[in-house]
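Peer 1: Sending over a structure as structure tokens; questions will come in a sec.
Computed from the coordinates by the stated procedures, all read-outs in this text should not be read as laboratory data. These numbers come from a predicted model, not from an experiment. No Cβ is skipped: glycine too gets one built from the backbone with ideal geometry, and neighbour counts run over all protein chains shown.
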Amino acid sequence: MFFVKSSQIFILGLYARSFLSEERDIPRNSVAASTGTVARNSSTIYAQVPGATEPSEFGLKIRLQHPAHFKGRMPPFVYDTEGVGEERELKQHNPSSVIPPVDPAKSRFPYCLVWTPLPVVAWLAPFVGHVGICREDGVILDFAGPFFVNVDNFAFGSTARYVRLDTDKCCFPPHLSGHSCEDGFAHSELGTGISWDDALRMGMHNYQHKSYNLFTCNCHSFTASCLNRLAYQGSIRWNTIDVAVLVLLRGRWVNYAAVLRSFGPFFVVMAVGLLIAGWPFLVGWAAFSGLLVGWFLIATYCMSDVIHC
């Protein structure tokens, strides 16, 4: 393939050189018409030799300056190899330049964590909710049941809060020695992705074989697993508590209705409880919240084998 491409470039270069000295139309059966395209302006010729379905996939671009700029002397060719693989790699390593905006009306949150209150439980503990992580196109992925990962169908209602993640803080190693995270070997063992979507796809396939449990293997576990595959912020030690704290501290509300939907039932339940039961209700509420938070703290940091899934 390299030999054929080189010969095409050489023939095309000869054609371009003659094209500079005499302005004429390109015939259909010419070398340039059969192997590529030539465009001319007042000072520059641009030629491209495509080698596959996409013009830049295996093509080489030739930029040839007009001889007038070199006082009659023909300059050497300047080759600029631009392949689709390199373009894709550029997008993968710097996707922030093409990030589409958040669109809550269409439930599109590119490169975001999303959160919605968990029914009934959030009436007593409004900080408890359901979490998902979004693909590059904004589609939400969330672990919602045994052996099941939702795609574009966020469980328990529409998104109330979201956290935009910085893609520059992820690790997409092109090879084993190209890790930018703190532990490249462990990241490789866990599973590395060449792009954001690739890492999320691996996490989704993994959790499609796991049983769901609210207290041990839940949506926060799935999201933490995806962040570990992304090596977000250089770390592969994300857990359920880290995800919850990230949403709690950095989460942005979609609108005022989302705030009301998240805290409205809680205040109603608290008001009714205090009106009917008085201060014993507060004691019961504090005990419930303490046990809930205490379980996840102890299970995450003291019994990692139990909560790790």
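Peer 1: What's the total number of residues in the range 218-274 that are among the hydroxyl-bearing types (Ser, Thr, Tyr) and under 15 Å from Gly129 (Cα atoms)? Don't jump to the end; show me each part of the working.
Peer 2: Residues of the range 218-274 that are among the hydroxyl-bearing types (Ser, Thr, Tyr), as a first pass: 221, 223, 225, 232, 235, 240, 256, 262.
Adding the requirement that they be under 15 Å from Gly129 (Cα atoms) leaves 221, 223, 240, 262.
Total meeting the criteria: 4.
Peer 1: Cβ-Cβ distance below 7 Å, separation of 6 or more or different chains: which pairs start in the range 282-309 with a residue that is in contact (Cβ under 8 Å) with a residue 60 or more places away in the chain and end on one that is loosely packed, with under 14 Cβ neighbours inside 10 Å and part of a helix (DSSP H, G or I)?
Peer 2: Between residues of the range 282-309 that are in contact (Cβ under 8 Å) with a residue 60 or more places away in the chain and residues that are loosely packed, with under 14 Cβ neighbours inside 10 Å and part of a helix (DSSP H, G or I), the close pairs are Ala299/Val306.
Peer 1: Right, next: Could you check the range 233-309 for helices (runs of 4 or more DSSP H) lying wholly inside it with 1 or more residues that are under 16 Å from His220 (Cβ atoms) and more than 33 Å from the chain's Cα centre (by Cα)? Reasoning before the result, please.
Peer 2: Numbers: elements: 240-250, 256-276, 279-301, 304-307.
Qualifying helices (runs of 4 or more DSSP H): none found.
Peer 1: While we're on this one: Pick from the range 237-278 the residues that are farther than 30 Å from Cys309 by Cα and among the β-branched types (Val, Ile, Thr): which of them is surrounded by the fewest Cβ atoms within 10 Å (Cβ to Cβ)? Can you show your working first?
Peer 2: Start the filter on the range 237-278 by keeping residues that are farther than 30 Å from Cys309 by Cα, which leaves 254-261, 263-278.
Now narrow it down to the ones that are among the β-branched types (Val, Ile, Thr): 254, 259, 268-269, 272, 276.
Details: Val254: 22, Val259: 13, Val268: 11, Val269: 17, Val272: 11, Ile276: 8.
Per the stated criteria, the residue is Ile276.
Peer 1: Check Thr223 against each of (1) in contact with a helix residue (DSSP H, G or I) (Cβ under 6 Å, 6 or more places away or on another chain); (2) surrounded by fewer than 17 Cβ atoms within 10 Å (Cβ to Cβ); (3) β-branched (Val, Ile, Thr) and name the one condition it does not meet.
Peer 2: For Thr223, the exception is condition (2).
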